Structure formats: C-alpha cells, structure tokens
Amino acid sequence: MRRLLVLLVVGGCIAVAAAFGVRSTGAAPATSAAGAVANAVPTVAGADTVSTTWYCAEGTGAPGGRADETILIANEGDAEARAVVTVMPGGQLRPSSRRVTVPRGAQVRVSVSSVLQAPEQPGDAGLIVGPGVVVEVFGGRSVVEHEVEGENDLAVGPCARQAGTDWYFAGGTTERGAEENAALFNPFPDDAIVDLTFATDAGFIAPADLQSIAVPRRSRITVPIGNFVLRQAQVALHAHVRTGRIVAERSMTFTAENETRRGLTLSLGAPRPESSWSVPGVVPEDGALHSVLVANFDPAATEVEISPRSEQGPSASPKRVPVGGRSVAAVDLASLEGSGAPFAVDVRTTRPSPVVVEELASWGPPNTGTGSATSLASPVRARGWTFAVGRLAPEDVATISIFNPTHSRTTVKLLAYASGGGAAPGSVGEVAVPARSQAQFDLGDLGVAPDQVVVLRADAPVVAARRILGPTGASLALGVAEP
Amino acid sequence: MASGESPGTQALRGQGQEGGGAPRTEIPTVAAVVVTRDPGPWLERALHSLGGQDYPSLAVLVVDAASEDDPGERVTGALPDAFVHRVPQSSFAAAANEALYTVRNATFLLICHDDVVFDPGVVRLMLEEAYRSNAGIVGPKIVDADNPEVLLEVGRSIDQFGNPHTGIEPGELDQAQHDAVRDVFYVSDAAMLVRTDLFHELGGFDASRFPGAEDIDLCWRARLAGARVLVAPEARVQQPEAARNRGDGAAADPVAPARNRIRTLLTLSSARTLLWVVPAGVAASFVEAFLLTITLRRGRVRSTLGAWWWNLRHFREIGRGRRRAREGRRIDDRDLRQLRARGTRMRGFVAEHVAPDDRMRSIADASRSAVSAATESTRQPLFALAALLALVWVIGSRHLLTGGVPAVGTFARWPGIVDTLSTYASGWRYTGLGSSTAAPPGLVAMAGLTTALFGAAGLAHTLVVVLAFPVGAYGAYRFTRGITQEFAPSAVAGLAYALNPVPRNAIAAGRLGPLALFALGPFLIAIALRRADPVRGVQQRRRTLTGLLGLGALLAFTTAWYQLAPLLLFAAAAAVMVAAPLVGGFRIGVRMLVASAIAVVIAAVLLVPWSLALLGAGDDPASLGFSFRPHLDLVDVLRFQSGPAGGGWAAWGFVTAGALALIVGRGPRFTWATRAWIMALIGWALVWLPARFAPDVSVPAPEAALSLAALGVALAAGLGVSVFVEDVRGRSLGARQAVAVLAATGFVLGVLGFTADAGDGRWGAPDGDWPAALAFLQTERDSGGFRVLWVGDPSLLPLDPFVTSDGTGYSLTRNGSGDARELWRAPSGRADGLVGDAVELAAGGRTDRLGHLVAPMSVRYIAMPSRAGPGATPQPPPARLPGALASQLDLARLEAPPGLALYENTAWIPTPGTVRPANVDRVPLGSKNPTGAALRADVGRVNAVRGSPSASAPTGQGLVLWSEAFDGDWSATVGGKTLRHVKPFGWANGFDARTRGSVSIDYGGQLRRYGMVALQAVLVLTILVFAWRSSASRRARAPRVRRPNP
C-alpha cells in the first residue's frame, strides 16, 4: 500500500508535469502588432524613446539639383524637441550638422543645402555620390518627412525609421523620357555591400556592374538605373545588402521626352514582399492616370486579386491578375471602377508567393494639376497616422484618404495642431467609414494650413494616405503610422 | 640471567669458556641490543634466532622499556645468556641508547626490534661487510616473516621532504634482484649493525626523533660525519609486516612521525637546500591537505599540515640542532643527493588513500596494501567497470587536459597568484563599473590551488574542471556509503552520479559554479545527513559541533565557488521532509534543515565581508546567479539534457536504473529510494517549473538544481544494487527480475551515453574561446583604457552577466576579454544599471546612439556572441538585439569569427582620459539623468592618459575622466596637489587638472579593505582552531562510532 502511494506520488508528479508540458507545446511566440507595423513602414516612436533617428536617402543638396531636398520635422511629443540634421555628402567631404529646436506640435523645415552645400558628384562605375540626411530627434513622437523638388514637380514622403538589408520597389520604369534613380544611403560607420537586381516585364535582370556595389560608410550613392536597365516599361528593383544595412529610396523624373508623364516621384522602398496590400485614395478624374504595379520577386509565378473599395464598399468585382515569376504586372485602375468616385484598392495574392505593390499616378491637362507621383501601397493598418505636413501650399488640393479594410464600421477623426505648434491637436473633421470602404478629408475644405501637423485617429486599424495636387506638382504618400 | 657486567665482557668470557681454547680477543665483539616493551609472542622466536647465530662473539642485551609484565623469565627461557636491563618507560630510541652506558668492550652494536628473526649467518655477514667496506652502519635485507619470499626492505632512502622510501614495490618477491651490497641513505632500526665508537660519537639515537625518524636521523648524522651506511642483502632477517610500525607509536600521536621527519630534515639539511625545500614542502603539504579535505580525512589534514606548523613554531630549537649538526658535518648535501629518492610523496599519498584502512601506516605499507587491494579488486567486475570508465573519462577530457579549458562562460582564464591575491586585497572591485564591495573569497581559493601547483594557473583551472567528475563520484559514493554501509551500492551510485550529463553540460556551457556544486554537493549533503543523527551525551554533542563546523567550512568553500550552494542543502533537507508522509523521517529532515541553517551561519561568518555584500544583492539577483532563462521542456529536464551532452535517449538510462529500488525495494532500501526520488523530483521541479510557468523570470543555471536530481537518481540507482542482492536475487523468476534487468539495461545505456560524449575529447566545450579570437584587444590598451560590453543571451556571455528586465544579458570586461578576476561580480550599482538602461533602449529601438550612451563608461567594443565560443552550437541572441545593434549610428561592425558580432564604438572615451580645457564645460556634471546627459554630451576628443593610473605619464590640463562608479574615496593628485573631485555624467569620477603633470588616481578605501581581510583571516583561523581542538579532544576521549545501517 505504501509502495503504491509512493509510486502514485512520484509517477503522478511526472504525469502532471507531462500534461502541462504537452499543453504548452505548439504555442508560437507572439509577435507584437506594433513590431509588425514598425518593421513594414515608418512609425511614430513611443513617448519613452530617448532618441529617434530618421533616414532621408533621396534628394540633392545644392541649388539647381535634380531633386532639391527639404526636411520637414514635426514634433508630436509632450515637450519641445531638439533635433540634429546631419548631411552626409559622401566622397571626401565631411558630414555637417545643424541643431534645430522643434516646438511642441510644430513643424520645422530645414533645407539640406542650408546645412551643407552638397552637390552630386560622379562616382565609380557610373554611379553618383550625393547627400544622405540623418535626422536625430531627441525625445519621442517625432515625424520626419522630406520634400524633393525638380522637373517642375515636387514630391513629399516620410523618411525611413530603420535601415535594412533588403529593399523592394515595384513601380519603376526606364522607358524613354524617364530617369529612374535608386538612392542607397549608408548612414553607419562601416561600409555596406549591395546587389541590385530587377524584375521587369521582360524578365529578370542582374547587371554585373550593379553587383557588389560598395556603399561607403556615412555616404549615399545614387544608381541611375536607366544606364544599366535599358528601355523597360516596368522595372521593379530589389536591393539586397550583403554586408551592413542601408536605406533605399527611389525617385523618377519624367522629362519632356516622355509621352505620357511629367514630373518627379519619390518612393520609400518596402522591406519585404507581403501577401496583402492596400492603396487608398485613387481619384478618377480627367487627365489623371492611375495604375498599380505588382512585382513578384519570387521565381514562382503568382496571382493577385485586385478589389476596388469605394465609399459604399465593394463596388466592382475583383480582378485576378497573373504575375509571372520575377516579373511585374501593371494594372490600370481606371478599368476597375466605373463610377468615377474615389476608391481604394485592395490587393491580395491568391498563391503563396508574396508581392510588392506600388501606385503610379500622373496628372496632366485637362486636369488643373500636373505632375507624377508614386507611393508604396500599405501592407499594414494602424489606428493612428501622422503627416508632418498636410499640404504644401495654400493653392494645393490636398486630401487624406482612409481605407477601412476591417469588417466593421469605424469612425475616423482628423486632428491638426495649430500653426506654429501647440499642446494638443484640435479636431478638424470626423467621418464614419463603413467596413471595407474608404473615405477622405479635403484639407483645403477643412482649413488646414500648410504649416500644420495633421494627425488621424481611428477606432479601428485603417490605412491612410495623402494626395497633394496643385500647380506646383503632385505627390502621393502614406502617413507615418502610430502603432 | 646475567647481570652486573657489560654484555660485551660477558660474551667474551662466555665464548672463551665454552671453547676452552685460546682467547679470541681479535674477534670483534658484537652486542645485540633488543629493545622490547610488552612483547608479543614473537619475542622467543627472535631470541632463539639470535642464539642460533654462527658468529661466536655475540652477546645479547634485552632492554625492556617498562613492560607491564616483566619479560625476564621469557628472555631467560629463550636465551639463558641474554642480559635483561629494565628501564623506566621510554621510547625505542631512548631504550636503545641504554647501550651507550651498559655495553662495554663491544666493537659493534646490533640494535634490533624484539620481533625480528635473524637467519643464522646474519651477524657474521653484516660484520664481514662492515669490515670489508669500512662501513659505520650496516643493515640487513628484511623480508616478511609470514611470507618470506616477499621483500619488505633492502635499505631505505628519503625524498626531498624527508618521507621514507624503500624502493620495493608492494608485494615484490625476493628473487635476489636487490642482492648487491650498496650504500643507502639509511637502514631501519628494525635491525642495524652500528660501530660502537660511531654510536658513541653520535651520542646514540636522538630520542626526540622517535617515532618515525630516529633511524633516519642516526644514519644521516653518521653520513654527515663521514661514515658509510650500507645494506648487506645476503644478511636476511624476517619481520612480521603487520608489526612493523608497532614501534612508531602512531596510535598515540599520528602527527609525530611526520613531524619528526620534517624536524630531522630541517635540522640536518644544508641552508641552501632548505631555501627551496621549505616552501616546496609546505606547498606540497597544502596540496595533500586539500586532497585529504575533499576526501573527508580531516584527521590526516591535521598530521599533514600540523607537522610543518609544529616545526615552524619550534624553529629556535631546530636552530640549535642545526648548529650541532654543522659542527659534525664533514660532507656536503650534494654528496648525499644520489642516495635520496624523488617523487615519493604523491605516490605515498595515492597509495594511502586508495587503501581502505584508515590507520596511519608507513608509505611502503600503504602502497603495498593498495596494490594488493587493487590486484584483488581487478578481479571484480565493478572495479573493472570503474577502471574502464576512468579511462573513458581521461579520453573524454583529453583536449581539456592537453589544451586547457576554453574561456567560456565562467571558465574565464585564471591569472597568476599575485594578480589574483592583489585583486582580492584591493579595496575597489573592478567588475562592471566598479564597486567598493568586498572581493569574493573564490579568488583566494583560486590562488591557493594555483600556489599548490607551483603557479600553474592553467593547470589548476583545468584540474578544477576535469576533477569534478571523480570528486563528485567520490562524494556520491560517500553519501551512499553513509546510508547503506555497503561498497557495491555506493560504488554504483558514485558511477551513476559521475556519468550523469550534468557535469558534461556544465563544462560545455562553461559554468564553474554549478560544476563545483556538482562536485562538492554530495559531500555537503552527506555531512548534513550525518549531523541529522540524534545527539545523546557530551561526546556526541562535541562531535556534532565539530561536524557542524566542518559542514560550515565546506559550505563556505563551496559557496566561494557558487553563491547558491546553501540552497542545495535546504533542498535536500526539504526532500527528506516532503518524503516523510510517505516513509517517515520528518525529524531527520528537520535536523538536516537545522544543521544546514547553522552551517549557513558558519559559512557566512567565514566568508565575511563578502557574505555581507551578498546580502545587499537583493536588487540584483543576477549577481547571485539568477541570470538564465532556459528553454527546457520536461523531457529535457528529466533526462538532464540542459546542453549538448546527454547522448539523447541514453540519459533515460540512469532514471530507469533508479526505478528498481522504488518498485522492488523493501525496508530501509525502499525508504531511502523514496527519499532519493523526492530529491530528484525537487531538483527537476526547480528547473522545469520556472521554465514552464515563468519563462520571463531569470533563474540559476539549470545544472545547479539538476545536480540535486542527479544525486537522487544516483542514490536510487545505487540502492538498486542493494535491492537486487537482498530482494531479487534467489527469488523465483517474475516481475522483480524483469524490473532488475530493465534497471541494469538502463545503467548500461547511461554508460553508453557517457562514452558517446567522450568522443570529442572536451565534453562538448567549444574548441576555442572568444578571448583567443579577440586577442588583438590586448594591444588596444595602448590607445587608452577601455571596456568591452558583451550583450546577448546570458547563457552565452562571459563571466557573470547582468540581466535587463527583458532577459537580455550584458557583462563588462576591461582592456580585453576579461579573466577570472572579474568573476563573482559585485552586485549592480546605480552606474551598472545605466549600462543596462542603454542596452534596453537600444534593443527596444528607442535609441540609435548606443555608442554615445556607453561612451562615458569607456566601452570601446560591443560584442554579441551567438555561440558560447568558436565552434560551439549556435543559439539565437535576443530577437531584437542583432537588428538594434546593426542600427546604431555610432557602432562600426568589425570582422569577427562566425558566431560573434563585434562592433567598435566610434564615440568611445578612454579611461582615464583628459577632456581638453576648451571642452570641459560640455561635460555634464552631477546630472540627474545620466542617460540623457550621455546622449547629448559632445565632449570632443578625449586624450588617453598614458601609463598607470596611479602614476601616469604627464598629461595636459583639463578634466580627467575616470570611468569608475563615483565614490568619495577616489582622489587624484598632480604634483602632490589634490585635484577637485567632480561627478561627470552623474555617475563617474572626474578630476579638475589645472596644471600639466603626472596624474595619480588612488582609492582611499584600501586600508579599510586590509582591515577586513585581516578580520576574515582571524575569523577563519578562530573557527579552524576551535574545530581542530574540538576534534582532537573528541578523538582523545572516545573512539569513533559508526552510524548504524538504516
């Protein structure tokens, strides 16, 4: 009897432990939603962050450059922030910094050329050496965007919060009259080695000259892609870093030689392909061309389902588009939605291979606005989005579009800090967005001034993008997410 | 019975009368001096043999040293012509010296014991040889009286430390292989022929050298006087081996022989010889004492160390003896060197401790018994298995033995003795960012072991690691022996414990503390269990007190290596108490618990002031070893697979073997098997429960708690042997036999697992280490003092890491990859926490300026290992850390071997370093937000102060930064003028140097530290003396009583 009791106790302990052990098996470590968002798009740092670094790769730092760059720093924190803007010109020049103070709720503009005159210079093997900009903000909850201007157009978009080892761009082109430039910025104190490969509508290209590109420490090089990938209508780019980490941005300049587009575009790359993307803020109108580029960097072919979402929800049947392995597919959005109302586009893969999706738009006569713009679609959703600037000039038509990809209705508030800063943003608008639908705020109608920092708050995770269209140019960009 | 005249005269007359012919005055007279006291039955045989000598002029004098019964009648009955001379109670030497006064006209004296049987021609042969070789002293060949073909002695020698040596292998047969007349260092006084004039000149034996060295002393002095000492092997005598040490008086005072031998050595050696003999002899004695301590033979420790201590205390008396010896010295020590033996001390030690008998015996005896026992044992399968496994152990440790232990984890390289001791005596602890807390006594233990090995720190380090197997095995053997009183179960338990994967995994991961706990833990539990006996009477109380002091001392020693060692004792006591509802013995558990608590108090006192520092480590449990978050599932825990070792399923073998006693055992075997299993369950639970239910809580290294489980399983496996013998064997075939076969198979499986792990020759430890891979760091010191910040999984980091709230570990080393001086780090101070804050900020993506944050700490390099060392199994670092480090704007990645990400901090500030006067205002002083201050500060270029901080090369004006945690006792002077002391960055030390000159930075708390070291020494000595006296008193009053078999 005593033996039985002992065996029961000993065996029972082990059996109970085994039962608990089995129950614990298979519980995968949870990845935080905030972490997932931060890994995909630029985000607003937490309030406890002591310093936030933003990397602005593309742009030129001398008057008359092809993409004159201005940094826009917004402070959404609880106190005045101190920022250091460092221009790393590359080559033999030493970096130069400027300290600026950003009042609470305010927006500060710093022209790169005012910090350091850093014209682009020819580098090795047909590459170009130009300035990269690092903005360090001491204190959390800052947002940094940069504006580039050239070819009678301008583009504005968030700088990167993280460097990475892979960057993907879907919407490039090297057709006649298009100059595509990839800016590879290495802000770190050790060199980086980068390989560039391309997925085009004609297949995969890996130019020998663009393998093992050395990006020296604290410098930026620009790759004029048209010199290496000749005359391709769709050119998707993958920058893979063998050693080190970089930030990559891409700009395109459409010159007069181009048959359909004019202006300048700017896009931050995607750190990885995803299986689901959202493109808010497609506004069909006269003189506007909207298309989405779907790049598949995987050797295996895939297929995507493209669904338009208007203000009333799903407005047309999804369109299935095959995308070959290491290839790009271009889809004209005008063919998707016939109502003429603004809409969003939901892109999902139906096969395992993930893709990268980017929007390419251009405006011309008879539209009052002119210019071209690109914007990476959003692979994530968030309850808050911040824009360092709502619109660039009083005469611009600026809208912020919100796409609600969830299955429930959500309310979205548009807030704006007072011009010159303030303690808290004031509400300037509110809209209810039905499930799987989109809505938009017209910043002009709401009286948002160019120097106001704009914040968007939603009850449920949404996707928000800004469109600026005016006589000075056109721009498309996602906001900076607040996970 | 003759009396009144000298035996020499009597002999001459007697022979003349019997012969009736011409007087034989030319024949030298020999007087045999037989010393006896309470003679045994062998006396008559010895006297008969003297009477049977073929030498005509032999007289016999029997000196009786106050026997209780007068042996006169027995002497007369055996040898009517013998003289009997009774003296008051005296030693052998003093009694033999009676010949100086009672023997006249004898040319030679034959001094002998009363149990020596002479072959018929011995006296003649010895005498002939004495004349032929002009010898002063001649000895015979001595064989075993019970087995005359076995040699006991053909002359003797001594080693460098005065230990006797016969040159005869134990059990060596007499095949005339030593039958050459030759000079020897000395001959035993069992039978020695000595020229009478020489004996007079030397003053006979020095009675103070008895026991143990009277014959050595006499022959040595004869040698120094120019006389030859020979052995004449043709002359053969027999002596009962068992009686050979009867005259040593060992039972009365076991220290005396060793003490007298050393006294002789110190008296008769030349001064030049003593210069190296004394330190070497003391060191060798410490080694022997250490080995005796860990084998729980404390009485022998007393004799080993006490011999030297006594002689050092009586140095004045020895000095007088040396002066006398110097007057009679005619030859140099060098002339005697070839007569002395080498390396017999360790041989003697091994022989003595392999032998099962505890009695003091001569080295030759011990060796002989040991070899005899070994010969006997080799016929037993268990011994053969143990020998085979010992061979596997050597093979499995071969690369560690030949190449040293890789500096992985806490296996940091051991520095030299001076460095280690100076670190211990230093008032400032150079771990982390520095601390004024006491240095750990583990450093003293390291220095002691290194000293014992003549400064071979690497060898000492290797032996500490590799010997954990046999020491642990012996501990488990003793533990089980204390329970079962049987050899075979204890031996099996010892084997099962040593073959458990726990020590292999501890070696693979570089965990010194848990390894020490594995080795010494069984001894601790065994003693605590012994102290759990009920105490009755004064004697037992005295013994208990001594035992508790011993337990406390051993616990202190173990805790010096591993701070959490006391928990093992409490866990073992808890196991007994938990098992009580099932099998009883609650009081045993309670008494164990009480004994453990008392031992902890004693250990804490012995370890003062370090123990006081540990009490203040509550906010930093990582400094106590709570720094691991092992990802172990239940199966891993149950089969002890906390690392690469274990042999997969083979580790289940010992668990299976332990089941037999639980399933089949009866009576006390079942009782103890239950307690063993509860012990194992508690050990497993201590590892598995936190891993399963609190994975975010840092716990001690799993090998520590698994040592308890391993001991429980080993005890159960050992009891299985007893169960097999008592409860299975001889019974009809059934389930019992099936379980027994299963258990035996399990044991074999465990053995196979151990054997499989032996293949790599290093028990899974990496084949290299980061200090070797980063050897270039040693040269970087020229650019200024710096630190290396190691971040990553705490189980992969060197030394004893700090741990942040998210489980990320970090440790700091100085001017390189660190060494053992930085082990047992001081508890985290405010400054150390700043490093953790910086690491957390970087890992959380909340700063990209980690380099700036740690620059004031003089962190020049940041290393993130993803392996314990080159070639080790990779383990992922904390998820966000690699990306976070790669994102830092002020860290430049350097080339490093696979498994290590190495960054150089481009914002590094050297220590000590001088901030230029123009930038002094940029250094934040007394900041309440050190992190923010470091982030915002731009102090420009900081010039390294060259040379030693206590006497630097001339440096310029400015603020001298000293990156140690701020302490008011730090001061700096330039040209004798004390500099203003400030607090840069809110935590460091800064000194305002207004003039150029050599800076001297000193810590003012050094005298305080010396005082604490002295206090600690006094405490240790007090307790040791108390324990010593208590133990000696106990031994003198009562014989030892063995514990009854439970």
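The values are calculated or read from the model by the stated rules, or taken from the named source; none is laboratory data. No experiment lies behind these values; they were computed from the predicted model shown. Neighbour counts run over all protein chains shown; Cβ positions are idealised from the backbone, glycine included. To get the accessible areas, we keep the full protein, side chains included, count just its heavy atoms, and leave off ligands, DNA and RNA. Shrake-Rupley method; radii C 1.70, N 1.55, O 1.52, S 1.80 Å.
The selection criterion, being within 12 Å of chain A (Cβ to nearest Cβ), under 31 Å from the mean Cα position of the chain (by Cα) and at pLDDT 90 or above, does not hold for B:TRP610. Just a yes or no: is a residue in region B:923-933 in a loop (DSSP other than H, G, I, E, B), buried (at least 17 other Cβ atoms within 10 Å of the Cβ) and in contact with a Ser or Thr (Cβ under 6 Å, 6 or more places away or on another chain)? Looking for residues that are in a loop (DSSP other than H, G, I, E, B), buried (at least 17 other Cβ atoms within 10 Å of the Cβ) and in contact with a Ser or Thr (Cβ under 6 Å, 6 or more places away or on another chain), one finds none in region B:923-933, hence no. Checked against (1) within 30 Å of B:GLY809 (Cα to Cα); (2) within 14 Å of another protein chain (Cβ to nearest Cβ), B:MET679 passes all but a single condition, namely (1). With a requirement of 1 or more residues that are touching a Leu at 6+ places or on another chain (Cβ under 9 Å), polar (S, T, N, Q) and within 12 Å of chain A (Cβ to nearest Cβ), the strands (runs of 3 or more DSSP E) lying completely within region B:865-920 that satisfy it span B:900-905.
Condition test on A:PRO63, is it at pLDDT below 85, at the interface with chain B (Cβ under 9 Å from one of its Cβ atoms), exposed (fewer than 14 other Cβ atoms within 10 Å of the Cβ) and in a loop (DSSP other than H, G, I, E, B)? For A:PRO63, the condition - at pLDDT below 85, at the interface with chain B (Cβ under 9 Å from one of its Cβ atoms), exposed (fewer than 14 other Cβ atoms within 10 Å of the Cβ) and in a loop (DSSP other than H, G, I, E, B) - is not met. When the criteria are applied in full, B:GLY521 meets the requirement of being farther than 30 Å from B:ALA855 by Cα and part of a helix (DSSP H, G or I).
Looking at B:ASP197, B:ASP189, B:ASP115, B:ASP159, just one residue is open to solvent by less than 10 Å² (accessible area, probe 1.4 Å), of a type outside the set (A, V, I, L, M, F, W, C) and under 16 Å from B:ALA31 (Cβ atoms), and that residue is B:ASP189.
Cβ-Cβ contacts under 7 Å between residues 6 or more apart (or on different chains), taken from a first residue in region B:992-1017 that is in contact (Cβ under 8 Å) with a residue 12 or more places away in the chain and open to solvent by less than 40 Å² (accessible area, probe 1.4 Å) to a second residue that is assigned to a strand (DSSP E or B) and of a type in the set (Gly, Ala, Ser), are listed as B:ALA993/B:GLY958; B:VAL999/B:SER952; B:VAL999/B:ALA972; B:VAL999/B:ALA993; B:SER1000/B:ALA951; B:SER1000/B:ALA972; B:ILE1001/B:ALA972.
Residues checked against (1) open to solvent by 40 Å² or more (accessible area, probe 1.4 Å); (2) free of Cβ contacts under 8 Å to residues at least 40 places away in the same chain; (3) of a type in the set (D, E, K, R); (4) within 14 Å of chain B (Cβ to nearest Cβ):
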position: A:VAL144; (1), (2), (3), (4): no, no, no, yes
position: A:CYS159; (1), (2), (3), (4): no, no, no, yes
position: A:GLY172; (1), (2), (3), (4): no, no, no, no
position: A:ASN227; (1), (2), (3), (4): yes, no, no, no
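Does B:ARG946 meet the test of being away from chain A (no Cβ under 14 Å) and open to solvent by 10 Å² or more (accessible area, probe 1.4 Å)? Yes: the conditions hold for B:ARG946. Would you call B:GLY77 more than 48 Å from the chain's Cα centre (by Cα) and under 18 Å from B:VAL117 (Cα atoms)? Considered against the rule, which asks whether it is more than 48 Å from the chain's Cα centre (by Cα) and under 18 Å from B:VAL117 (Cα atoms), B:GLY77 comes out as yes.
When region B:691-720 is limited to residues that are crowded, with 22+ Cβ neighbours inside 10 Å and not aliphatic (A, V, I, L, M), the one that is nearest to the other protein chains (Cβ to nearest Cβ) turns out to be B:GLY712.
Of the numbered criteria (1) part of a strand (DSSP E or B); (2) farther than 20 Å from A:PRO354 by Cβ, the one A:VAL229 fails is (1). Can you tell me which residues in region B:962-973 are open to solvent by 10 Å² or more (accessible area, probe 1.4 Å) and more than 24 Å from B:LEU812 (Cα to Cα)? Correct list: B:THR973 only.
The rows are residues; the columns are (1) open to solvent by less than 10 Å² (accessible area, probe 1.4 Å); (2) within 15 Å of the chain's Cα centre (by Cα).
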| residue | (1), (2) |
| --- | --- |
| A:GLU259 | no, no |
| A:LEU266 | no, yes |
| A:GLY269 | yes, yes |
| A:ARG272 | no, yes |
| A:VAL294 | yes, no |
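Just to be sure, is B:ILE862 open to solvent by less than 20 Å² (accessible area, probe 1.4 Å) and within 13 Å of chain A (Cβ to nearest Cβ)? So B:ILE862 fits the description; yes. Output the residues belonging to region B:565-588 that are under 24 Å from B:PRO700 (Cα atoms) and either within 24 Å of the chain's Cα centre (by Cα) or open to solvent by less than 20 Å² (accessible area, probe 1.4 Å) (or both). Once the filter is applied, which keeps residues that are under 24 Å from B:PRO700 (Cα atoms) and either within 24 Å of the chain's Cα centre (by Cα) or open to solvent by less than 20 Å² (accessible area, probe 1.4 Å) (or both), region B:565-588 yields B:ALA565, B:PRO566, B:LEU567, B:LEU568, B:LEU569, B:ALA571, B:ALA572, B:ALA573, B:ALA575, B:VAL576.
Scanning region B:29-36 for residues that are at pLDDT below 85 and crowded, with 16+ Cβ neighbours inside 10 Å turns up nothing. The set of residues in region A:78-96 being in a loop (DSSP other than H, G, I, E, B), open to solvent by less than 10 Å² (accessible area, probe 1.4 Å) and modelled with pLDDT of 90 or more consists of A:PRO89 alone.
Scanning region B:166-184 turns up no residue that is outside any loop (DSSP other than H, G, I, E, B) and touching a helix residue (DSSP H, G or I) at 6+ places or on another chain (Cβ under 6 Å). Apart from one condition, A:GLY130 fits all of (1) within 14 Å of chain B (Cβ to nearest Cβ); (2) of a type outside the set (Ser, Thr, Tyr); (3) within 24 Å of the chain's Cα centre (by Cα); the exception is (1). Regarding B:ASP992, is this residue under 13 Å from B:THR914 (Cβ atoms), of a type in the set (D, E, K, R) and at pLDDT below 95? Here the answer is yes, as B:ASP992 does meet what is asked. For region A:100-126, a residue qualifies if it is assigned to a loop (DSSP other than H, G, I, E, B), open to solvent by 20 Å² or more (accessible area, probe 1.4 Å) and more than 27 Å from A:ALA474 (Cβ to Cβ), and the qualifying residues are A:PRO103, A:ARG104, A:LEU116, A:GLN117, A:GLY123.
Is it the case that region A:206-214 has a residue that's touching an Asp or Glu at 6+ places or on another chain (Cβ under 9 Å), buried (at least 24 other Cβ atoms within 10 Å of the Cβ), over 24 Å from A:SER291 (Cβ atoms) and more than 13 Å from chain B (Cβ to nearest Cβ)? Taking every residue of region A:206-214 in turn, at least one turns out to be touching an Asp or Glu at 6+ places or on another chain (Cβ under 9 Å), buried (at least 24 other Cβ atoms within 10 Å of the Cβ), over 24 Å from A:SER291 (Cβ atoms) and more than 13 Å from chain B (Cβ to nearest Cβ).
Looking only at region B:655-666, decide whether some residue is more than 14 Å from chain A (Cβ to nearest Cβ) and among the hydrophobic types (A, V, I, L, M, F, W, C).
Narrowing region B:655-666 to residues more than 14 Å from chain A (Cβ to nearest Cβ): B:657.
When the remaining residues are screened for being among the hydrophobic types (A, V, I, L, M, F, W, C), the result is B:657.
Within region B:655-666, one or more residues are more than 14 Å from chain A (Cβ to nearest Cβ) and among the hydrophobic types (A, V, I, L, M, F, W, C).
Annotation: of all residues in region A:1-37 being at the interface with chain B (Cβ under 7 Å from one of its Cβ atoms) and modelled with pLDDT under 70, the one that is most open to solvent (accessible area, probe 1.4 Å) is A:SER24.
Hey, could you check region A:235-247 for residues that are within 21 Å of the chain's Cα centre (by Cα) and open to solvent by 40 Å² or more (accessible area, probe 1.4 Å) and say which is farthest from B:PRO898 (Cα to Cα)? Among residues in region A:235-247 that are within 21 Å of the chain's Cα centre (by Cα) and open to solvent by 40 Å² or more (accessible area, probe 1.4 Å), the one farthest from B:PRO898 (Cα to Cα) is A:HIS240. Answer yes or no as to whether B:SER707 is of a type in the set (Ser, Thr, Tyr) and at pLDDT 95 or above. Criteria met by B:SER707.
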